[in-house]
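> The structure is given below, and queries will be raised subsequently.
Just so it is clear, none of the values below were taken in a lab; they were calculated from the coordinates. These figures come from a predicted structure and were not determined experimentally. In this analysis, Cβ positions are derived from the backbone assuming ideal geometry, glycine residues included, and neighbour counts consider all displayed protein chains.
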Amino acid sequence: MSNVIAVVNHKGGTGKTTTAINLAAGLTRYSDITSSCLVIDMDPHGCATSTLLGKLDGEPPARSVFDVLRRAITPQDGITSTVYDENIDILPANPSLESMAKTQINDRLAKVVASLSTSYGWIIIDTPPNLGVLTQNALVAADYALIPTQCNGLAVPTLRQLKAMIEKIQERPNMWLQILGVLITQKDGRTPLQKHVRRELGQVFPAADIFKTVITNNIKIEEAPANFQSIYAYDSGCLGASLYRDWIKKEFLKKHTKLEKLKVERREQAEKEAAES
Ligand SMILES: Nc1ncnc2c1ncn2[C@@H]1O[C@H](COP(=O)(O)OP(=O)(O)OP(=O)(O)O)[C@@H](O)[C@H]1O
Ligand SMILES: [Mg+2]
């Protein structure tokens with residue numbers, strides 16, 4: 001079974017791609033679950049694709065997730081290895097993915113992910129800054145939603161909309177989708193996190209869903225992707241690396257284990273009820 005994580009927030013620039021790619025690299029290093037990881041880039045802008053393939057201004061990949069979603073090629077034929085990390089593969093994005101956003105099909109990616117679930121320990125899906133079909137596909141395909149957000153009061157209305165979308169998808173078609181947590185990113189390191197911000201976020205998500213680790217602004221986090229490296233490979237001793245590493249080891253993996261147990265219990269309960277009826 002794969003552990004499929006959709007990294008979502010329809011506000012732009014909240015650290016989705018940064019978190020998705022550093023999470024992928026962190027999981028191959030620090031998780032006990034098999035070390036292989038697949039990143040699926042569902043953002044037509046392809047920022048994760050450029051970093052993982054080492055092509056900042058290059059041609060977009062000829063074979064992409066768009067071709068897989070329109071069933072022109074198999075998922076295996078769309079996947080490629082990365083220069084970023086030998087244990088991370090990518091199903092890359094291409095600008096043509098934008099045309100898929102105009103359709104109403106929101107379960108295509110789920111079928112693709114299901115067909116790959118025995119091949120990878122983790123599947124991380126990066127999403128675009130909107131709640132359209134591409135993000136919906138990611139949430140329908142995912143076991144978990146991970147929400148990076150900046151730490152200002154303006155984030156709250158956006159998070160309310162996102163939560164409503166997640167709840168709609170949990171009703172149908174993906175009743176197994178769980179919120180892994182909200183990760184505060186890009187905080188100005190000089191000022192303490194204002195209490196009211198955590199309180200306001202707490203009005204949308206229960207406190208237990210907001211990670212205690214806060215990823216502060218760190219120039220190395222910004223530099224690493226331009227060098228096609230994760231933060232750990234670029235400078236394992238820097239503050240950014242230790243923040244992401246601590247978050248993964250001390251919070252992310254523990255929360256994941258807890259939610260996996262909950263999922264097993266819910267499945268057993270559902271099976272019992274089905275057998276009794
Ligand atoms: N902790 C951080 N410290 C410094 N820079 C950061 C940090 N996190 C993200 N950035 C930078 O902020 C910008 C936006 O981050 P990122 O691209 O990850 O956001 P995003 O949510 O994926 O954006 P989009 O919605 O456009 O896809 C990038 O230039 C990234 O390098
Ligand atoms: Mg992005």
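> What length, rounded to one decimal in nm, is gained on full extension from Asp107 through to Lys263, with 0.36 nm per residue of separation minus their alpha-carbon distance?
Working: separation 156, 0.36 × 156 = 56.16 nm, distance 2.09 nm.
Contour length minus the Cα-Cα distance gives 54.1 nm.
> Let me ask something else about it. Sort the following peptides by mean Cβ neighbour count (other Cβ atoms within 10 Å, averaged over residues), highest first: 101-107, 237-243, 270-276. Walk me through the intermediate numbers first.
On the way: 101-107: 12.7, 237-243: 17.3, 270-276: 8.9.
Highest-to-lowest ranking by the protection proxy: 237-243, 101-107, 270-276.
> Choose one answer from Ala24, Ala93, Ala226: the residue with the largest mean-square fluctuation in a GNM of the chain with alpha-carbon springs under 10 Å.
Of the options given, Ala226 has the highest mean-square fluctuation.
> Using alpha-carbon positions, what is the distance between the centroids of segment 145-199 and segment 27-55, in Å?
22
> May I ask which of Lys249/Lys272; Lys102/Lys187; Lys55/Lys163; Lys187/Lys258; Lys195/Lys263 have a Cα-Cα span longer than 30 Å here?
From the list (Lys249/Lys272; Lys102/Lys187; Lys55/Lys163; Lys187/Lys258; Lys195/Lys263), the Cα-Cα distance tops 30 Å for Lys249/Lys272; Lys102/Lys187; Lys55/Lys163; Lys195/Lys263.
> Just want the ordering: Met165, Met100, Met42, Met175, from fewest to most Cβ atoms lying within 10 Å of their own Cβ.
In increasing order of surrounding Cβ atoms, one gets Met175, Met165, Met100, Met42.
> Also, I was wondering about something else. Distance from a point 7 Å along Cα→Cβ of Ala208 to each backbone N in segment 169-188: keep the residues under 15 Å and list them by number.
Zone members listed by number: 178-182.
> Here is a follow-up. For Gly54, list long-range residues whose amide hydrogen, built 1.01 Å from N in the peptide plane, is under 5 Å from its own amide hydrogen.
Here Val83 satisfy the definition.
> Also, quick follow-up: Hey, quick one: spin label on Arg71, modelled 7 Å out along Cα-Cβ, who in segment 108-150 has an amide N within reach, i.e. under 17 Å?
Under cut-off, by backbone N: 108-116.
> Give me the extension gain from Ser96 to Glu59: residue separation times 0.36 nm, minus the current Cα-Cα distance, reported in nm with one decimal.
So the extension gain works out to 12.0 nm.
> Next question. By how many nm would the segment from Ser81 to Glu271 lengthen if fully extended, with 0.36 nm per residue of separation less the alpha-carbon distance?
64.5 nm
> Now, a different point. In whole Hz, with x marking every Gly and Pro, tabulate ³J(HN,Hα) for segment 120-131 from phi via Karplus 6.51 cos²θ - 1.76 cosθ + 1.60, θ = phi - 60°.
In residue order, the calculated couplings are 10, x, 9, 10, 10, 10, 8, 10, x, x, 7, 9 Hz.
> Quick one: plug the Kirkwood hydrodynamic radius of segment 3-276 (C-alpha pairs) into Stokes-Einstein at 25 °C, 0.890 mPa s, and report D in µm²/s.
In µm²/s, the coefficient is 130.
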